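Worksheet: one structure, shown below.
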Amino acid sequence: MDFKNRTMQEIWEHHGKSLAARDVNEFIKDFSDDVIFINNPNGGHAQGVFTGQKGVAMWCKEFFTLFGKIQDFVVADTYFKNNIVVVEWEINSETHRCRGGVDTFIVEDGRFKIVTVVYQVAEKGA
């Protein structure tokens with residue numbers, strides 16, 4: 001696949017498929033080699049700045065560990081404008097729920113260059 005010349009729709013479709021398949025190796029292909037991935041900057045699950053595809057893979061593995069068996073993954077809204085994607089989402093798994101997820105992706109040369117992710121995680125029943 002020629003990642004550099006993908007349309008925003010092609011990028012987004014690949015991202016969704018690899019996430020749904022829980023395929024970390026395929027998932028990180030959507031991110032540039034020098035991506036800056038900022039997760040929950042004000043605290044919370046996997047807080048920090050992850051750089052490069054290795055950093056994103058580390059975050060992804062933590063995310064999949066917390067959300068072992070996803071029951072629902074709901075995308076509330078997706079906004080595309082030029083090279084920017086903003087997504088609102090929520091997740092329910094057997095043990096945790098996540099509300100208020102908002103991701104912002106800035107795309108350069110067919111890959112995510114800068115990503116911010118903010119979400120609140122709670123144990124079910126809490």
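Derivation of every value follows stated rules applied to the coordinates shown; laboratory data play no part. As the structure is a computational prediction, the values presented were derived from the model and not from experiment. No Cβ is skipped: glycine too gets one built from the backbone with ideal geometry, and neighbour counts run over all protein chains shown.
Only Lys, Arg, Asp and Glu carry charge here, each on its Cβ (+1 for the first two, -1 for the last two); on that basis the chain has a dipole of about 180 debye about its Cα centre.
Take the Cα of Val102, go 7 Å toward its beta carbon, and the backbone nitrogen atoms of segment 52-76 under 15 Å from that spot belong to 76. Measuring against 19 Å, Cα to Cα, the residue pairs Lys17/Lys61; Lys54/Lys124; Lys69/Lys113; Lys17/Lys124; Lys29/Lys54; Lys29/Lys81 contain Lys54/Lys124; Lys69/Lys113; Lys17/Lys124; Lys29/Lys81 as the ones spanning a longer distance. Rounded to the nearest 500, the helix-only mean residue ellipticity at 222 nm of the chain stands at -7500 deg cm²/dmol, with each DSSP H run of n ≥ 4 adding -39,500 (n - 2.57). Going from the fewest other Cβ atoms within 10 Å to the most, the residues Leu19, Leu66 appear in the order Leu66, Leu19. For the chain, the relative contact order works out to 25 percent when only alpha carbon pairs closer than 8 Å and six or more residues apart are counted. Taking every DSSP bridge with both residues inside segment 1-121, close to 85 percent are antiparallel. Cross-link partners among aspartates and glutamates for Lys4, C-alpha distance below 14 Å, same-chain residues fewer than 8 apart left out? Counting by Cα, and skipping residues close in sequence, Lys4 has these aspartates and glutamates nearby: Asp30, Asp33, Glu108, Asp109.
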